[in-house]
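Scroll down for the structure; my scribbles are underneath it.
The values are calculated or read from the model by the stated rules, or taken from the named source; none is laboratory data. What you are looking at is a predicted structure, and each value in this text was computed from that prediction instead of being measured. Here Cβ is always computed from backbone atoms with ideal geometry, including for glycine, and neighbour counts include all displayed protein chains.
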Ligand SMILES: [Zn+2]
């Protein structure tokens, strides 16, 4: 084998069950994992009472006991994960079912993982200590199509020092990702666009960062094709179950993508933009990739050309360098087409905030993402890209 061939591993991946109306079988999934009459902690987004009630009824009708936990917020706190873990313990739960967006699923996965351990969530931040292997079973039921939390081994949370950090490891992998497009039809247009862009950024970063994984690239490229063909329709026709379903599949595939190889500068700076300006994660990473994409593409034209083709740039015998150059404008046009707000002025941010944004991007908690980026990121690069993010119009 030539020395240039990459060394990589692929799998195991999270089991996925997909289908319109598939959540009606949730009780059977719990029985398959835990047996009859299981005690279930249902961790649900507080903004989705009807969906939580419906899933609770499905579980009870299937003979299971249900405790509901809804103290979850966007960008969850470690203390909320601890509270969910305590609720699981006091309910003697065998399984945690998370239903909601990425923050809810991250909380559910993490709480299930540490419920039987003595340590709090903060103990596991940045994977400083290994996660316990004796966690509870977990099922993720996403109501957005974006974060891919249902198929990753990551939970992002805010620790006691107000730092946005992550826990990572095999014990965080869900036993089942249950994808039912019907559960995403209520998602408003702005959030549909922002979460869909998060999935797009996952797929792009996972196949263009330093770590090479040709099997993973196939998932990422198909996720990009699905998003290019369906996100606008999901935004404009929210009840279109085909578009919603395609986006759920793409988000879960892109989740597997980042689980295998990781993310780069868009997530390093996107997390920083979340800290500095409280910008929604999907929009934040979307805008940061927009500012860095042409610079990254120069470093690896062949792989960025493949992304451009997946996004719909006509190949027609174009050399890879030309296609790679066409990627950043095509990506910018796509963000505008799905209605993602590009300017951050109305969010109270200005170019004068660039130094702070660059500084948080270079902070230790974002190091693994910076190091994965295809290009090395010096402080001066971070500052230049931060200025571009904050001055975009
Ligand atoms: Zn993301």
Please enumerate the residues belonging to the range 239-267 that are in a helix (DSSP H, G or I) and away from the ligand (no atom under 16 Å from the Cβ). 241, 242, 243, 244, 245, 246, 249
In this structure, does residue 312 turn out to be away from the ligand (no atom under 16 Å from the Cβ) and in contact with a strand residue (DSSP E or B) (Cβ under 8 Å, 6 or more places away or on another chain)? no
Residue count, the range 356-366 (criterion: part of a helix (DSSP H, G or I) and modelled with pLDDT of 95 or more): 6
Has the range 304-319 got any residue that is free of Cβ contacts under 8 Å to residues at least 24 places away in the same chain, within 19 Å of residue 358 (Cα to Cα) and surrounded by 24 or more Cβ atoms within 10 Å (Cβ to Cβ)? no
Take the conditions farther than 23 Å from residue 168 by Cα, in contact with a helix residue (DSSP H, G or I) (Cβ under 6 Å, 6 or more places away or on another chain) and away from the ligand (no atom under 16 Å from the Cβ) and apply them to residue 52. Does it pass? no
For the range 289-297, check the following and say yes or no: at least one residue is within 14 Å of the ligand (Cβ to nearest atom), in a helix (DSSP H, G or I) and under 30 Å from residue 184 (Cβ atoms). yes
Of the residues in the range 156-208, those that are within 13 Å of the ligand (Cβ to nearest atom) and modelled with pLDDT of 95 or more number 13
Could you list, in sequence order, all residues of the range 201-215 that are more than 13 Å from residue 7 (Cβ to Cβ) and either in a helix (DSSP H, G or I) or not assigned by TED's automatic domain parsing to the domain that holds residue 296 (or both)? 201, 202, 203, 204, 205, 206
Taking the conditions exactly as written (in contact with a helix residue (DSSP H, G or I) (Cβ under 8 Å, 6 or more places away or on another chain), over 30 Å from residue 75 (Cβ atoms) and away from the ligand (no atom under 14 Å from the Cβ)), does residue 306 satisfy them or not? yes
Within the range 1-108, which strands (runs of 3 or more DSSP E) (wholly inside it) include 1 or more residues that are buried (at least 18 other Cβ atoms within 10 Å of the Cβ) and in contact (Cβ under 8 Å) with a residue 60 or more places away in the chain? 16-18, 39-44, 95-100
